[in-house]
Every structure is written in C-alpha cells, then in structure tokens.
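These notes are about the structure you will find just below.
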Amino acid sequence: MVDLGFLLITFFMVTTAWTKPHVTGLNMPANGDSTNLSDKVVLTVLPGKSNKIFYYNGNLNESLKDNSSGVTNYSIQNGIGEIIREKQKFLDKNYNGGSKEIMILIKPSADASYENVVSLLDEMLINKVGRYAIIDINEDEKKLLAKKIP
C-alpha cells in the first residue's frame with residue numbers, strides 16, 4: 001500500500017509540473033491619434049447590478065430615439081450573446097467589411113461585479129469578437145443605467 005501511495009504522489013507531482021497556466025494576452029492600443037469609428041459598428045454594453053446589462057448601438061441619444069437599445073442579461077438564449085450575434089448578422093448584411101468590423105465597448109458600472117465583466121469577456125471569445133475595449137462609463141450613462149436597472 002505504501003508503494004501505491006508513493007506512486008500516486010509521484011504521478012500527481014509530475015503531471016502538475018507538466019501543465020502550464022494559460023494566460024490571455026492583453027493588447028494595448030498604439031500611441032497616437034484615436035481611431036474614429038462608424039456608429040454602425042459600435043455596440044456599447046453597460047453591465048450593472050442584479051446581473052443585468054444595458055446595451056445600445058452607436059450613439060446613445062440616437063439609439064434611445066430609434067429604440068435600438070435595451071436591457072438584457074447573461075442567459076444563453078436571450079442574453080447578451082444573442083444581442084452580439086444579431087449585431088454581427090446586421091453588419092454582415094449592411095456594412096462593408098461585415099461582422100469582423102464590430103467594436104464592442106464594455107463600460108462597467110460601480111455596481112457590476114468582477115464575474116459580470118469576465119462573463120462579457122467570455123462572450124467576446126465565444127462570438128469571435130476581435131475588437132473590444134473596457135473603458136470608463138460617463139455620467140450620462142451612469143444616470144441612464146440607474147433609471148433602466150433600478
């Protein structure tokens with residue numbers, strides 16, 4: 001029995017040494033002028049409290065006027081992943097460059113949990129979104145988020 005115990009200990013010591021942790025790369029923007037984006041390619045998501053997300057397409061004021069904004073969650077079927085896929089389909093049909101041109105701006109509020117931000121980053125990988133950024137939420141968006149997600 002002692003031999004078996006030492007064999008198991010040796011096995012686990014060797015196999016854990018072979019597995020290396022996988023780290024996700026972080027790409028930082030190059031120094032220089034900022035890039036102007038078309039409002040058609042931008043989707044902004046504002047994770048808030050209670051696992052809810054407010055999202056809007058393009059410019060905030062225009063999106064509120066034409067009703068292209070809403071509140072969703074992290075569910076598999078009707079959550080933020082579905083919103084991203086709809087935006088990608090729209091770009092494939094209506095924009096030169098297609099869905100690879102999508103830019104998602106993630107603006108977490110103070111009420112958003114770390115888990116919610118990680119879930120959004122997972123959605124970027126699942127939906128093969130190549131361009132996304134985590135940036136600060138502005139005051140107008142904070143006020144709107146407080147109204148939409150009480």
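The values are calculated or read from the model by the stated rules, or taken from the named source; none is laboratory data. In this text, all values refer to a predicted model and were calculated from it rather than measured experimentally. Heads up, the Cβs are rebuilt from the backbone with ideal geometry, glycines too, and the neighbour counts pull from every protein chain shown. Just so you know, the surface numbers come from the protein's heavy atoms only, side chains and all, with ligands and any DNA or RNA stripped out. Shrake-Rupley method; radii C 1.70, N 1.55, O 1.52, S 1.80 Å.
Given the alternatives (i) 1.07; (ii) 1.29; (iii) 1.17, Rg/Rh (Cα atoms, Kirkwood Rh) as computed for this entry is given by (iii).
The angle between the Cα long axis of helix 114-126 and the longest principal axis of the Cα atoms of the chain comes to about 90 degrees, rounded to the nearest 10.
Could you state the accessible area per residue of the chain in Å², with a 1.4 Å probe and every protein chain left in place? Write down the numbers at each step before the final one.
Details: 10620 Å² over 150 residues.
That works out to 71 Å² for each residue.
Report, to the nearest whole %, how much of the accessible area of the chain belongs to carbon and sulfur atoms, 1.4 Å probe, protein only. Spell out each step's value before the answer.
On the way: 5800 of 10620 Å².
The nonpolar share, carbon plus sulfur, comes to 55 percent.
Applying the Karplus relation 6.51 cos²θ - 1.76 cosθ + 1.60 with θ = phi - 60° to the range 65-70 yields 3J(HN,Hα) values of 5, 8, 6, 9, 9, x Hz, where x marks Gly and Pro. The magnitude of the dipole of the chain, with charges of +1 and -1 set on the Cβ of Lys/Arg and Asp/Glu and taken from the Cα centre, is near 260 debye.
Under the rule that an exposed site lies in a DSSP loop and has at most 15 other Cβ atoms within 10 Å, name the longest stretch of the chain with no trypsin sites (Lys or Arg not before Pro) of that kind, not counting the sites themselves.
Details: sites that count: K49, K128.
Longest site-free region, per DSSP loop and neighbour criteria: 50-127.
Close amide H pairs (under 5 Å, H built 1.01 Å from N) link Y132 with I104, residues at least 5 positions away or on another chain. Pairs of Cα atoms nearer than 8 Å and 6+ residues apart set the relative contact order; for the chain it is 22 percent.
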